[in-house]
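One structure below.
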Amino acid sequence: MLAFRTAAQVSMTVQLPPAGVLQKAQLWNIVLVSASDAPRNVKITLRLMDAQTNQPVLTGITRTIIMNKGAKQLRIGDVMPVQYEYLSAAIDRSVNGMLPAGSYVACYSLMVINDKDGNQPGEDCIPFAVEPVSPPLLNTPANESVLESRLPQFTWLPPAPLNMFNDLNYEMTLVEVRPGQSAIEAIQTNIPVYRAPRLRNMFVNYPAGAVALDTARQYAWTVVARNGSLFAAQTEVWTFRIKGVHKPLNGRNGAYVELRKELDGTVISCSSLHCEYNNETADSTVRYEVIALENNNDVVSTGTLAIKRGANKLDVPLKKGLDEGKSYLFRLRNTRNEYWQVKFIYTRED
């Protein structure tokens with residue numbers, strides 16, 4: 001992006017990229033052209049503003065520059081020392097410091113010292129944006145995935161380079177995608193199901209107290225990176241669904257669900273738990289625990305079961321105090337320190 005200003009036969013062209021990573025020193029990439037036969041003494045002033053608020057964040061004025069007839073390409077060494085006034089803590093004070101991500105307007109003035117004609121200029125202003133080389137990237141859950149948990153964890157990767165941020169924070173937004181909508185349209189227009197602003201960590205655990213996610217609906221999510229309150233970059237928009245609950249299994253009809261070391265998509269509904277465990281050790285007893293998945297993974301029940309070597313059909317009484325319709329994890333641990341487990345949704349007996 002170029003700006004042009006003429007003052008007393010001296011013209012100025014500012015060379016700023018419209019977007020990308022920018023060092024503070026690059027603000028002084030300027031070409032001066034003098035049409036005067038006599039040397040001219042000039043100074044350049046800069047006023048850098050936040051494009052969203054129009055508030056100045058930095059001002060600067062160069063030393064006196066001697067211009068002979070012709071063109072001169074200026075670099076930071078040609079204008080130093082620059083007298084800066086820092087009006088925002090976000091601006092790096094080092095000479096070659098990087099400007100923080102955000103949208104800016106840079107306004108320049110060219111002053112000719114002792115100009116007898118009195119043709120002192122106004123300001124020329126150039127809008128530009130400082131953007132990361134790489135925006136933040138969504139990580140999990142994968143795009144278009146089908147999730148088993150109604151309380152998923154969302155993770156992402158940071159933008160780069162990190163040293164262009166001095167107050168990096170994130171805002172994660174989750175919306176429902178209505179029939180006929182694209183994921184991007186849903187993010188732009190729909191009221192969020194859940195929003196988490198000012199995040200310092202690169203993950204969010206969907207809270208149990210938030211709106212319950214429905215197995216019949218599709219959801220879209222995205223993450224915006226900010227430097228303080230300034231928009232920096234945004235991820236893509238990904239979607240996911242929640243897997244439906246399996247048909248209830250219970251011991252009253254002779255059906256037992258098999259415990260597994262690795263959790264799969266099996267979720268059962270039950271008022272008392274009937275499960276099958278293959279004991280490959282010499283254990284005669286085994287400890288178990290029941291974990292509330294929708295209440296910070298609190299352990300709500302523990303106990304001991306008698307077992308024998310080989311296949312065991314276990315009838316586990318579920319103690320009172322479990323909440324109907326809530327998700328839990330039953331797991332036992334053997335002497336090999338192996339966990340064998342199954343998820344279930346608690347239902348009261350008819």
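If I model a spin label as a point 7 Å beyond the Cα along the Cα-Cβ vector, how far apart are those points for Glu262 and Glu171 in nm?
Distance between label points: 4.0 nm.
Report the calculated FRET efficiency for Thr64 and Thr189 (r = Cβ-Cβ distance, R0 = 45 Å), to the nearest 0.05.
It comes to 0.25.
Report the label-to-label distance for Lys72 and Asp37 in nanometres (one decimal), using points 7 Å from each Cα along the Cα→Cβ vector.
About 2.0 nm separates the two model spin labels.
On the accessible surface of the chain, probed at 1.4 Å, how many percent belong to carbon and sulfur atoms?
48
Just to verify a number: what accessible area does Tyr84 come out at with the full protein assembly present, 1.4 Å probe, Å² rounded to tens?
60
Across all directions of projection, what mean area in square nanometres is found for the Cα convex hull of segment 156-220?
5.5
Identify the residues of segment 52-77 with backbone N under 15 Å of a label point that sits 7 angstrom from the Cα of Gln83 along the Cα-to-Cβ direction, or state none.
59-65
Given the rule -39500 (n - 2.57) for each run of at least 4 DSSP H residues, summed and divided by the residues of the chain, what is its mean residue ellipticity at 222 nm, to the nearest 500 deg cm²/dmol?
Helix-only estimate at 222 nm: -500 deg cm²/dmol.
Give me the 1.4 Å probe accessible area per residue for the chain, excluding ligands and nucleic acids, in Å².
Counting only protein heavy atoms, the per-residue value for the chain is 51 Å².
Relative contact order for the chain using alpha-carbon pairs under 8 Å, separation at least 6, rounded to a whole percent?
12
How big is D, in µm² s⁻¹, for segment 303-344 by Stokes-Einstein at 25 °C and 0.890 mPa s if Rh is the Kirkwood radius over C-alpha pairs?
After rounding, the answer is 199 µm²/s.
Starting from the Cα-Cα distance between Arg309 and Ala19, subtract it from 0.36 nm times their residue separation and give me the gain in nm to one decimal.
97.6 nm
So which cysteines in the chain don't have a second cysteine's C-beta under 4.7 Å from them?
Cysteines of the chain left without a disulfide-compatible partner: Cys270, Cys275.
Sticking to Cα atoms, compute the Rg of the chain to one decimal and its Dmax as the biggest Cα-Cα distance, whole number, in Å.
Both quantities, over Cα of the chain: 32.1, 105 Å.
Sort 125-131, 10-16 for me by packing, meaning the mean count of neighbouring Cβ atoms within 10 Å per residue, highest on top.
In decreasing order of mean packing, 125-131, 10-16 become 10-16, 125-131.
The values are calculated or read from the model by the stated rules, or taken from the named source; none is laboratory data. What you see is a predicted model, and the numbers here were worked out from it, not measured in a lab. FYI the Cβ positions are ideal-geometry reconstructions off the backbone, even for glycines, and counts take in every protein chain you see. Accessible surface areas use protein heavy atoms only, side chains included; no ligands, DNA or RNA. Shrake-Rupley method; radii C 1.70, N 1.55, O 1.52, S 1.80 Å.
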